[in-house]
Amino acid sequence: MSLDAGSVLSSGTPLFLGSEIYRGSSYGEWHPLRVPRVSTAMDLSRALGWLPDAQYINSPRAKPKALHVWHEPDYVAALQAAEISQEISDEDRKRFQLGTVSNPIYPEVYRRPATAAGASLLSGELLRDGGIIYHPGGGTHHGMPGYANGFCYLNDPVLAILSLKHNGARRVAYVDIDAHHADGVEHGFADDPDTLLISVHEEGRWPRTGALTDRGVGQVYNLPVPRGMNDTEMALIREQLILPLVVDFEPDAIVLQCGADAVEEDPLSKLELSNNAHWAIVAGLKALGAARLLVLGGGGYNPWSVGRLWTGVWGVLNGHAPPDILPSPAQDVLEALRWDGARRGRDRPAHWSMTLRDAPREGAVRPQVRDRVDWLRADQAARLLRAG
């Protein structure tokens, strides 16, 4: 750990791990990840005066050997070779799921995910003695040891958890509120009793895993939610499931994957949250006072909603309240965004450029949401009883 980073964290001040590689990197002209996301959060945070140089660290790129702690060497080598040649053989396409519609070959196909992985590995080291780190370029929770999966070439949340444990965290709670199930992270830790896995995701959404009754030998809690989930339902989930499970687990570290694709404006899900729901979960987990807190990004495919949500996450971690109307420099950041090929990018509402906070999207708590939360709490009680 650098002296500067250590002194910032020890003072209780969060660190932001970012990189310029996200600014100029795109998965391709029509891919959902063609839009700017991390760079928008960086630019908005700076425009609001929330990101001084002392709180910012440029993410390192993970070396191949460091990735081998979980990823297969042949796959890492194939990913590097694909970046150099910008092509993939038919055999390697099938074996590694590279060069597909979901996982295309693009100019930074190794460097970009290796940068996210490097920041997650570094986070475990920086948090050795405690603190809070925000890494919005992370959260690639679908990656598998030997192949790309669901836009995710490497699995930086798995690497972050392994790094935290290597650096002194015995018990890690992983909470995932992305619209998609955290299948890669569950693959990595389903049988580890010292890792709590909580995934709240849209029912029936790809990868169509994470059923309510799915569990491993360890601490796995999956909550598939119906389409149209609102802020009130997420508040119930937060207060009656997520926070109690984490408290009872008594973790040394908490990792939150804060995917922004569960909000109403996102094109890849059918959930209807406002960004307030995400911010409340960040605040709730922070208030638990765990020694180490790492917040990652994840999904999110509307550049305005993801940029605003992730900037607000940084605000919550620092205790900053968003202004009712953004100052002109921050509005300029949002006005400059483009969403080529998307109708809503051309007909965007004014609040996407003028505000950070969405209007709350409250509603009734449907019986299937309440029943599933109650079922998981009863399941936890039964597990504790069996454990004696």
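The values are calculated or read from the model by the stated rules, or taken from the named source; none is laboratory data. Please read these numbers as outputs of a predicted model, since none were measured by experiment. Every residue, glycine as well, gets a Cβ built from its backbone with ideal geometry; the counts of neighbours run over all protein chains shown.
Brief remarks on what is shown
- Scanning segment 59-80 for residues that are in contact (Cβ under 8 Å) with a residue 60 or more places away in the chain and surrounded by fewer than 15 Cβ atoms within 10 Å (Cβ to Cβ) yields a count of 2.
- Spans of helices (runs of 4 or more DSSP H) in segment 183-277 with at least 3 residues crowded, with 23+ Cβ neighbours inside 10 Å: 183-189, 231-237
- Within segment 29-51, if we keep just the residues that are of a type outside the set (A, V, I, L, M, F, W, C) and more than 16 Å from Gly300 (Cα to Cα), the residue that is surrounded by the fewest Cβ atoms within 10 Å (Cβ to Cβ) turns out to be Glu29.
- Pairs linking a residue in segment 170-198 that is over 16 Å from Leu293 (Cα atoms) and modelled with pLDDT of 95 or more to a residue that is of a type in the set (Val, Ile, Thr) and part of a strand (DSSP E or B), with Cβ atoms under 6 Å and 6 or more positions apart or on different chains, are Phe189/Thr195; Ala190/Val220.
- Output for segment 44-53, where each listed residue is in contact with a helix residue (DSSP H, G or I) (Cβ under 6 Å, 6 or more places away or on another chain) and either part of a helix (DSSP H, G or I) or closer than 21 Å to Val158 by Cβ (or both): Leu44, Ser45, Ala47
- Within segment 367-388, no residue that is on the phi < 0 side of the Ramachandran plot and free of Cβ contacts under 8 Å to residues at least 60 places away in the same chain sits with its Cβ atom under 6 Å from a residue that is surrounded by 13 or more Cβ atoms within 10 Å (Cβ to Cβ) and among the polar types (S, T, N, Q) at 6+ positions apart or across chains.
- Residue, nearest to Ala190 (Cα to Cα), within segment 231-240, restricted to residues that are of a type outside the set (Asp, Glu) and in contact with a strand residue (DSSP E or B) (Cβ under 7 Å, 6 or more places away or on another chain): Ile237
- Only listed residue being farther than 23 Å from Asp340 by Cβ and either under 20 Å from the mean Cα position of the chain (by Cα) or touching a residue at least 12 places away in the same chain (Cβ under 8 Å) (or both), chosen from Glu20, Glu29, Glu83: Glu83
- In a residue-by-residue description of segment 282-296, the property of being touching a residue at least 40 places away in the same chain (Cβ under 8 Å), exposed (fewer than 15 other Cβ atoms within 10 Å of the Cβ) and more than 21 Å from the chain's Cα centre (by Cα) applies to no position.
- Residue check, Leu334 of a type outside the set (Val, Ile, Thr) and within 20 Å of Ala182 (Cβ to Cβ): no
- In segment 154-172, of all residues being among the aliphatic types (A, V, I, L, M) and over 14 Å from the mean Cα position of the chain (by Cα), the one that is farthest from Leu296 (Cα to Cα) corresponds to Ala169.
- Of all residues making up segment 174-229, the number that are touching a Gly at 6+ places or on another chain (Cβ under 8 Å) and of a type in the set (S, T, N, Q): 3
- For first residues located in segment 108-137 and more than 28 Å from Gly319 (Cα to Cα), partners that are of a type outside the set (A, V, I, L, M) and lie 6+ apart or on another chain with Cβ distances below 6 Å form the pairs Glu108/Ser25; Val109/Glu83; Tyr110/Gln80; Tyr110/Glu83; Arg112/Ser25; Pro113/Tyr153; Ala114/Arg61.
- Of the criteria (1) at pLDDT below 95; (2) surrounded by 14 or more Cβ atoms within 10 Å (Cβ to Cβ); (3) not in a helix (DSSP H, G or I), which one Gly6 fails: (3)
- Cβ-Cβ under 8 Å pairs, at least 6 apart or on other chains, segment 38-58 side free of Cβ contacts under 8 Å to residues at least 60 places away in the same chain, far side buried (at least 17 other Cβ atoms within 10 Å of the Cβ) and among the polar types (S, T, N, Q): Asn58/Ser19
- Taken over segment 100-115, the criterion of being over 19 Å from Pro157 (Cβ atoms), buried (at least 16 other Cβ atoms within 10 Å of the Cβ) and of a type in the set (A, V, I, L, M, F, W, C) is satisfied by Ile105, Val109.
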